[in-house]
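The values are calculated or read from the model by the stated rules, or taken from the named source; none is laboratory data. A quick note: this is a predicted structure, and the numbers were derived from the prediction, not measured. For neighbour counting, all protein chains shown are included, and Cβ atoms are generated from backbone atoms with ideal geometry for every residue, glycine included. SASA here: full protein model, heavy atoms, side chains in, ligands and nucleic acids out. Shrake-Rupley method; radii C 1.70, N 1.55, O 1.52, S 1.80 Å.
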Amino acid sequence: MTVLIPYASLAPAPWKNGGGSTIEIAVVPPGAAFDEFDWRISLATIAQDGPFSKFRGIDRSLALVDGPGVSLEIDGDSRFVLSEEAPIVEFPGEADVTASMLGAPTTDFNVMTRRSRCHHRLGRRSLEGISEFAPRGDVTILFLAEGESLSVSSDTERIGMVRFDAVVFDTDTVWKLETGEATVLVVDIFLDGA
């Protein structure tokens, strides 16, 4: 079943360390706490420099959606600048990650999957006009990262999206995407053993 998750229906919650806030878009099982979820998708606003929380057994991907970006030091020996030029980064949840702002707060799309149960791929796609979209995962989520609106339709459904809305797809259908111009993030989640 295809589900629209309107951004307007979501509410932010502050991080434990006070360095930013998070807006949960979707979590499975529904309502699962941080030590119980199979997968979780959220928006995170980084408002000050500081360490990321650790999530043992979790694989993470971040994608820049707003702001100048952020510099990430990962396990003390590698640095990655999440920016327009390099908009996606992947790292294990148990890594030591410290964020340094690049002059202003940044908003990032965050995907987390529990390694023992599932894994994911996060991709970024620019759209213009009409295109086809075939979900590839056991669960596929499309997030409108940039652009005012996007129409998603099949033979039986039509869904209108605005910026920061997400759709969880029925993966047996090929969809038509229609927009003036937009950038979407696509999350394919594969359930291990499914």
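So which residues in region 47-65 are in contact with a Pro (Cβ under 6 Å, 6 or more places away or on another chain) and within 20 Å of residue 163 (Cα to Cα), if there are any at all?
63, 64
Given the condition at pLDDT 95 or above and part of a loop (DSSP other than H, G, I, E, B), answer yes or no: does some residue in region 37-45 qualify?
Looking for residues that are at pLDDT 95 or above and part of a loop (DSSP other than H, G, I, E, B), one finds at least one in region 37-45, hence yes.
Yes or no, residue by residue, for (1) of a type in the set (A, V, I, L, M, F, W, C); (2) within 17 Å of the chain's Cα centre (by Cα):
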| residue | (1), (2) |
| --- | --- |
| 95 | yes, no |
| 114 | no, yes |
| 130 | yes, no |
| 143 | yes, yes |
| 155 | no, no |
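Identify all residues within region 53-73 that are open to solvent by less than 20 Å² (accessible area, probe 1.4 Å) and either within 11 Å of residue 99 (Cβ to Cβ) or over 17 Å from the mean Cα position of the chain (by Cα) (or both); write none if there are none.
62, 69, 70, 71, 72
State yes or no: is residue 34 modelled with pLDDT under 95 and within 25 Å of residue 191 (Cα to Cα)?
Criteria met by residue 34.
Of everything in region 74-85 that's outside any strand (DSSP E or B) and open to solvent by 30 Å² or more (accessible area, probe 1.4 Å), which residue is modelled with the highest pLDDT?
Here the answer is 75.
Out of the residues in region 1-27 that are assigned to a strand (DSSP E or B) and free of Cβ contacts under 8 Å to residues at least 12 places away in the same chain, which is most open to solvent (accessible area, probe 1.4 Å)?
Taking the candidates together, the pick is 14.
Taking the condition of a type outside the set (Asp, Glu), within 30 Å of residue 53 (Cα to Cα) and within 17 Å of the chain's Cα centre (by Cα), does residue 163 pass?
yes
With respect to residue 95, determine if the residue is in the same structural domain as residue 49 (by the TED database), assigned to a loop (DSSP other than H, G, I, E, B) and open to solvent by 10 Å² or more (accessible area, probe 1.4 Å).
no
Pick out, from region 101-194, the strands (runs of 3 or more DSSP E) lying fully within it that include 2 or more residues that are open to solvent by 60 Å² or more (accessible area, probe 1.4 Å).
118-133, 158-162, 175-191
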